[in-house]
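Okay, handing you the structure first.
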Amino acid sequence: MPQEPYNFCVCANANISLPIYDIITSLSPLPAEIRNLVYSFLIAAPCKAHALIFSRLSRDHYDNIVLRLYQQIVVTDKAVDAGLYKSYSNVDNQSHQSNEHRTLPSKKELLDCCESLVFTSIYAWAQTIGMFDMRGTTPVMSPMFRNLNHVAFASGFVEEICRREALPLDRYITPKALWYISDACIHLPKSFSEDLAIDLGNVSSYLMDFGIGTNDTTETVLRLHNCQPTKLAMADERLAFAHDVVYIHMPPTRIENAVDIAARQVDEIVEYWIATSVNRAARQVDEIVEYCVKSVTEWDAMKTRFIIHGPPEPFGKAVVFTNFGTVITPAGLVFVISPSIAQSIIDRAEREVRRRVRLFLESELSAGCGLEANFHVRGYEECRFCSLRSSSSG
């Protein structure tokens, strides 16, 4: 007989009567994409009462849910201390033979499901790197996280790195397990001051050797979220030279002078955006050009400095500035303008950025003429890994 809702529960499933496994076991006839939506809801921050329900599921249902839980791991201090990496024995490093009596996936199998690791603190990073070092690495890949494709630094981790004094060099060395990762994200804090921006190079030091083990046909991608080009231009970093593609996700343009805009219809917001787009686009173009000029200048200095060691480091295939045409209201509502409306303005902005960078190159750095084609301006985009879980922002 179903019980009454758990009165003290504050999790996402608070309004569901216990037991809820009847709901789950009745999903079998439904398409997988619908079942997955239900699973995503059920596994959202369950309390102890609902966690007990999951333990009563059949093996098939448990495997389906638990493997999805480990698709992206947010590595927090609490998760590490609670035993995230415990029970990872040497036996688990070997292939499992089929065993009818083993009812739960091993820790190795769970970690091997992980496609994305999100680090929230230096402590969480250090404990994970320590596990990599303990397990060792082969010339091909790490025995841990065999399906890992993406790492992310949450905003709290980024701020912690920027605020503390430089760590010993060996703490910066990227473990071999991350040599084969193709995608990385750095989430900048919403209140990212100029003082922190100057020390942003400390963050990129953690990704020194990121992607160096990927094959020639795999692009390495770095995404900087909530990133203002002017503040990035202050940083002592070489991000554009170490990755094939760098995405600079600019923060949405804030609409300050529309007090009641949250109550307006979307078409009114679109009209407002179009009416004010010229001035705002001009400001964003100025910021983008400032960063582009700094990038090509530092690339030339770096190329000249290290030319005695062999061929110069290429500039990279692309630097992409996104979120052009995305606005946020005072109430915090984000609106993405339709590409059919915004694209003409975006195209003009990209042409203007390239024109001004080209003028600089012709005047100051003729050897770099042509690099302006590496810079792109786009509308709203998001990382497919970071969209797995909103809490990845730290």
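What follows is calculated from the coordinates using simple rules that are stated; it is not laboratory data. Remember, predicted model here, so these are calculated numbers, not experimental data. With ideal geometry, Cβ positions are generated from the backbone for all residues, glycine too; neighbour counts draw on all protein chains shown.
Amide H neighbours of ILE186 under 5 Å, at least 5 residues apart or on other chains, H built in the peptide plane: list them.
Residues meeting the criterion, in which the H sits 1.01 Å from N, are PHE153, ARG223, LEU224, HIS225.
How much length is gained on full extension from ALA367 to LYS190, taking 0.36 nm per residue of separation minus their Cα-Cα distance?
Values: separation 177, 0.36 × 177 = 63.72 nm, distance 3.74 nm.
Working it through step by step, the gained length comes to 60.0 nm.
Can you work out the Karplus-derived ³J(HN,Hα) for every residue in region 246-251? Use 6.51 cos²θ - 1.76 cosθ + 1.60 with θ = phi - 60°, whole Hz, and x for glycine or proline.
10, 9, 10, 7, 6, x
Count the net charge of all other residues whose Cβ sits under 11 Å from the Cβ of HIS249, scoring Lys and Arg as +1 and Asp and Glu as -1.
Details: positive: ARG223, ARG378; negative: GLU381, GLU382.
Cβ neighbours under 11 Å give a net charge of 0.
Continuing with the same structure: If each of ASP77 and ARG358 carries a label point 7 Å out from its Cα toward its Cβ, how far apart are those two points in nm?
It works out to 5.3 nm between the two label points.
Further question: Whole-Hz ³J(HN,Hα) for each residue in region 356-366, computed from phi via Karplus 6.51 cos²θ - 1.76 cosθ + 1.60 with θ = phi - 60°, x for glycine and proline: what do you get?
Working through the residues one at a time gives 6, 5, 4, 4, 5, 5, 5, 7, 10, 8, 4 Hz.
How much FRET efficiency would the formula 1/(1 + (r/R0)^6) give for ARG351 and THR218, where r is the Cβ-Cβ distance and R0 is 35 Å, rounded to 0.05?
Rounded to the nearest 0.05, the efficiency is 0.70.
Is there a pair in LYS294/LYS317; LYS108/LYS317; LYS190/LYS294; LYS231/LYS317 whose C-alpha atoms are over 27 Å apart, and which pairs would that be?
On the way: LYS294/LYS317 17 Å; LYS108/LYS317 36 Å; LYS190/LYS294 23 Å; LYS231/LYS317 22 Å.
LYS108/LYS317, as the Cα separations exceed 27 Å there.
To continue, here is another question. Quickly rank 116-123, 293-300, 362-369 as a protection proxy: mean count of other C-beta atoms within 10 Å, highest first. Numbers along the way, then the final one.
Numbers: 116-123: 22.5, 293-300: 19.4, 362-369: 12.4.
Per-residue mean Cβ counts within 10 Å order the peptides as 116-123, 293-300, 362-369.
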